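The values are calculated or read from the model by the stated rules, or taken from the named source; none is laboratory data. A quick note: this is a predicted structure, and the numbers were derived from the prediction, not measured. Here Cβ is always computed from backbone atoms with ideal geometry, including for glycine, and neighbour counts include all displayed protein chains.
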Amino acid sequence: MRIFRTATVIILVLWCVLIFALSSENAALSSETSGKFTEAVIDVIYSDFEDMDVAKQEVITHNVTFVIRKLAHFTIFALLGVFALASIVSYSKPSFALKSLFSAAFCLLYAISDEIHQLFVAGRSGEIRDVIIDFLGSLLGIIFISLIFKKNRFFNAFVGGTNA
């Protein structure tokens with residue numbers, strides 16, 4: 001049990017560090033990172049992209065970039081939700097519902113702090129919309145890992161804390 005707890009806390013901390021590092025990238029570097037994904041997605045979706053007029057290419061690039069960046073927020077924080085709940089699920093107290101609520105609160109506070117952090121990074125901004133996207137991702141991650149813990153017999157002991 002201690003190995004599980006230690007491993008999940010280490011993973012949670014490392015994931016928080018990764019989020020912090022990604023948020024520390026200035027606007028140019030962040031755009032470069034998402035730009036690579038944007039190009040790859042555009043290549044797959046729009047085979048005739050190079051034949052389009054420049055104005056249409058710019059609109060498509062802008063829209064695809066927006067979706068990719070928001071999906072990245074959502075996905076990264078979904079994993080944060082998974083790691084947050086996994087790190088406390090093995091304790092016998094409090095109830096599973098309170099563990100889930102605590103995990104959600106942690107993720108919300110981290111999402112808020114992440115956006116505040118970005119206010120101090122060159123060319124970046126803190127967005128309430130991103131806090132909402134991050135938090136919704138976290139909730140999905142918490143729900144996902146909750147279902148795994150609740151349905152899987154091996155993890156059921158961790159949920160109830162019977163091996164704590």
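General observations
- Against the test of being assigned to a loop (DSSP other than H, G, I, E, B) and in contact with a Phe, Trp or Tyr (Cβ under 7 Å, 6 or more places away or on another chain), the options SER90, SER47 yield a single qualifying residue, SER90.
- Matching residues, the range 62-75, being in contact (Cβ under 8 Å) with a residue 60 or more places away in the chain and surrounded by 17 or more Cβ atoms within 10 Å (Cβ to Cβ): HIS73, PHE74
- Options ALA97, ALA78: the member that is out of contact with any strand residue (DSSP E or B) (no Cβ under 6 Å at 6 or more places or on another chain), part of a helix (DSSP H, G or I) and either of a type in the set (S, T, N, Q) or in contact (Cβ under 8 Å) with a residue 12 or more places away in the chain (or both): ALA78
- Test: ILE148 is within 19 Å of the chain's Cα centre (by Cα) and at pLDDT 90 or above: no
- Subset of the range 79-96 [within 23 Å of ILE133 (Cα to Cα) and either at pLDDT below 90 or among the aromatic types (Phe, Trp, Tyr) (or both)]: PHE83
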